[in-house]
Structures are given as C-alpha cells and as structure tokens.
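The structure appears right after this line, and notes come after that.
FYI, it's all coordinate maths here, none of it is from the lab. Everything numeric here is computed off the predicted structure, so don't read it as measured data. Cβ coordinates were reconstructed from backbone atoms using ideal geometry, including for glycine residues, and neighbour counts include every protein chain displayed.
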C-alpha cells in the first residue's frame, strides 16, 4: 500500500475523533434549540464553566477566593482536600442544574414569547456573564484536568500503543492515535444513545419534544413549560460538562475553551439545528474534512486551512441545503 | 327557561347530572377592552353544552378562561363544587380539563401515535429518574398507556395514520387527531374550540358523530364553541349565546332559537 494512502487513513481516523469532540459541543446547542427555539451562544462557555468548576472542586479551591480575600484581608485559597473524581463530577452536575434553574428564573422566564433574536442576544449576554463568573470564581490561570475513576486508572493520556503496534504489523507504519480521543468517542457514543433513548421513549422526553413543537398545545396537555426548560438546560449543562472534561483533558482548562463553540456553528449548519444524529454526523464530516483537506490541499496553499475550511463548507451547505443534512424539512401545507 | 337545578333527562333519554363547572360573573378585560362582561352559566355532568355567537362575541375568550389560558379580571370559576384558585393552563389540564384549539395546536413533527400519547401525560406517575433509567415500572406504565391510546385510535378510525407525522395530514384528520389527544387524558370536561371550522359536509358529519359517541360511550361532559348553527342545535343539550362579550341567551336549542335577542344578533336589527 502506498505511503500516502496509509497517511490518509491515519489522518481520516484522527479527523473522525476530532469530529466527535465538535459533535459533543454541537449536541448541547441542538438540545436547547429543539426544546425552546433558543440558539444558545453560551454553550461553549458553559463547557468552560463546567470544566473549571470540576477542576476547582477536585482541587479544593475556594470559590471567589480573590474576592473574599480582598474584602476580608485573609489568605484563604484552598480547602485542602483532593476530591475523588466521581464525587467532584456529581457536585459539578449539581452546580450545572443550579445554573439551569438560575438561567430559567432570572433570564428566560422574563423573555417568554419574545422574538428569537432577542433570546439569542440574551444568550450572548449570558456567555459573557458566565465567562466573568468563571474567572471570578476560579481564577484565570490555565489548569490541568485529570479525571480518575479509581486510584490510578485515569483518563488515558498519550498515544495508544495497541493501535500503534497493530497498524505497524499490517502497514509497517504505526498510527498515532490519542488514547483520549478514543475515550471521547466511546463516551460520546454512549451519551448520544442515552439522549436519543430518553427523548424517544420516556414521558419527559416526549414532553420535551412536545414543548419544542408547540407551547400552547404542550400546556393544554398538562406539561409545565418551566419544568421542561429547566430540564433541558440541565441536560445541556451536563453535555457541556462532558465536552468540557474531554476538551479540558486534551488541551488544559483555559479560557480559549469557550471558542470551541464557534467550531460547533459550521457543524450545526451541516447537520441541521434540530437533529441529534445531525450534530454527530456534522461533527464527523467537519472533523474528517478539515484534516483531510489540510493533508491533501494544505501544502499547495501554504497550510492553515483548518481555520477556515469548516466555515467555507458550511457556507456551501447554506446555499444548497439550508436545513442541513438532517434538519426537519419544513412541511407546509398550502 | 327550563329549571335545571337538580339535573334533568334529555329528549333522547340521557340522564344529566349535577353542576360540574360554574362560571360566576366572569369579566375579562384587556386594557380598556372588555372581551367578556359579567357572564354566568353552568355546565352539568354528562351534558353537551354549546357556546355560540357571532364573530368577536368572546366565545374563545370564555373557553380560554375555563382552560386557564386567560385569568378573568373579575369573577370566579367553580369546578366540582369548589372555587378554583388561579391556575396555570398545565395545572388546569392536570385537573382533568382537556381542550382542542380553533387553529389546531398539534405537535406537527410527531406521529399521530406520539401526539395522542402526550395526551396521557397527566396520567403517568413514574418520576424522572425511573423514566430516565427505563426501569420495569416505567416500561410497564408505558405499555399500559399505549394500550389506551390504541383504543382511542380505533375509536376515531385513524389506524391508517398512526405513524404519520401529523404535519402531513389533511386538515380534517388533524382535527380528529387533536380530538384524540384531548380524549387520551380521559377528561372530566372536554373543551372543543370550533371542532368543525373549515370542514366540508362529510367531515362535519363524521366529527358530529364522534362528539356524540364520546359523550354517549364515555359519559364525557363537553363544552363546545361552534359557528355552524345547524350543527350546534343538533348536538347540544343547552346553549349559551354571546354577543359583544355579553350573554344574551341561555337554554335548550329550541328556547334559544325563539329568543328575540338571539335572532336580532344573528340576523341583524333594523335601525331607524
């Protein structure tokens, strides 16, 4: 087999796994958009906020320590514990549910029935508010995130030796595949399967779809909009946490994490704003497309195509298939 | 007007029971505009009660007051002999009042089956965690409800469109699915907002038959708004007539038909 072909395979594989991470962020967008018609610009920041909260709780950081110390004149930065990852994740989930409640009660409850653009602007405000809050609570330095299940079985870092040796035996060239990417793929697959099952086969899932479709009708069959919205924001917060863990473990918990949300936009345009499978497939296409394009065309145009490839692809899609690959076809009886 | 305090027997021999719902001096005001002015009437158990009136008479507003979408400015709503506190529409639905809408409010992206399943929302008891884990109880509950829904689908003769997204269905069938969703809640009181609006004669006949059958077989109390006078007179036991937000008549179809005020409102009066 030619070297180029083998390289291309490796690049594709890496692209697929990068795509999974994009898809994880896009998923959060789709959930909220489907249930409330809100395009949540703050989804990326929610992932950042979740990751920072997780690290903070894990390391026993005192929230708002700078503020507290400045006011009281103390030097109180750490509680002095290192918390087990499971417990820390559970606590972070509680924080994200609290955030969902706060967002619903303080912001969106007052904006019911407003134009979509107003709701969108509110989420931009929310994004900056959350970013500031994260900074104030946990500080702005870059943190490393390591999630461990038991004592020393942690989220695996580094390259996967098995794949390396298998591919070396077959092709005479070992593929570089990140262990973390493989884990992320498995986690994402489980998450998506769980979400789809929840929305298709449970009472609350059906209520979520009902609210997404028609508010008045949902009320008339006894569904509380407030409850569903808090539920949806909580689930989106949970998805943000998962995305935050994966991205944080990969590249450190830092403020640039919130920018990954921008990469989710072309993913959504490809997959459609209303489709969970669409978010996954869109993410994969962008991930693979980006890497393969860089590999094949990149050298001819001086590289750095990864920065713009996704957006150009999304533009082309907007022209030919505005509802995305899996978006709901707008059914209109005349 | 016939005295109905103790319940009565209809011409076709159905026993009508005591008061299920009573509206007491309802006034509804939007800013300076009065949509409803001091209206009182009652709905009795087992009865088909119609609210009629020309366009803009306040009929839909009245239905929205009953179903909790509007809060009356003045007046009380009594249900099961108790004064109803101010409630959100979803709480009213949980009390056993189901409704349909004039302009059809279905979940267009969902199948007929799923739409009707949402109607059973108020009757499902398992909590969020059990649901999410899909434990035995939740699964059993789901299939029990599914059975009830299939019965309604049979009853309304819509087996053929069970899996079709309702957005694709013709208007008449959508109306029928919406009725099915309301029925799925096994309501104590069923509110129908112009169930026959925009239908052709054949569809109207079908819908009339379903309404009568629902009342007859399940004993469901029905309050409906309708424009088509002929249909109303055939279907209903008692009729409230509204005009410009006021009640101008209340009684059996025959009484209402011979009421001078009602005739004036519908046919117009000569002005001199």
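Compared with the dominant principal axis of the Cα atoms in chain B, helix B:201-218 is inclined by about 80°. Highest GNM mean-square fluctuation among B:149, B:201, B:177, for chain B modelled with Cα contacts below 10 Å: B:201. Of all the C-alpha pairs in the stretch A:211-253, what % are more than 15 Å from each other? Here the tail beyond 15 Å accounts for 56 percent of pairs. For chain B, the longest principal axis of the Cα atoms and the long axis of helix B:171-184 meet at an angle of about 80 degrees. Largest GNM mean-square fluctuation among A:283, A:324, A:172, using chain A with Cα springs under 10 Å: A:172.
Taking the three principal axes of the alpha carbon atoms in the stretch A:21-112, the coordinate ranges are 46, 31, 19 Å, sorted in descending order. Report note on the peptides A:93-102, A:206-215, A:223-232, A:187-196: ranked by the mean count of other C-beta atoms within 10 Å, highest first, their order is A:206-215, A:223-232, A:93-102, A:187-196. Mean partner shielding of peptide B:95-105, defined as the number of other chain Cβ atoms within 10 Å of each residue Cβ, is 3. When the Gaussian network model of chain B links Cα atoms closer than 10 Å, the mean-square fluctuations of B:200, B:25, B:259 top out at B:200. With a 10 Å cut-off around each Cβ of B:167-174, the average count of Cβ atoms from other chains is 2.
All C-alpha pair distances within the stretch A:3-258, sorted into 10 Å bins from zero, spread as 7, 27, 30, 22, 11, 3, 0 percent across the bins.
If you wrap the tightest convex hull around every Cα atom of chain B and split its volume per residue, you get 154 Å³. Inverting the pair-averaged 1/r between distinct Cα atoms of the protein assembly as shown gives 27.7 Å as its Kirkwood hydrodynamic radius. When each of the peptides A:250-259, B:112-121 is scored by the mean number of other C-beta atoms lying within 10 Å of its residues, the order from highest to lowest reads B:112-121, A:250-259. Counting Cβ atoms of other protein chains within 10 Å of each residue's Cβ and taking the mean over peptide B:109-115 gives 4. When restricted to Cα atoms, the stretch A:252-334 yields an Rg and a Dmax of 14.6, 53 Å, respectively. With both labels modelled 7 Å from their Cα along Cα-to-Cβ, the residue A:105 to residue B:154 distance reads 4.8 nm. Bridge orientation summary for the protein assembly as shown: considering DSSP beta bridges with both residues in this region, about 65 percent are antiparallel.
In chain A, helical runs assigned H by DSSP with n ≥ 4 each contribute -39500 (n - 2.57); averaged across all residues and rounded to the nearest 500, the mean residue ellipticity at 222 nm is -23000 deg cm²/dmol.
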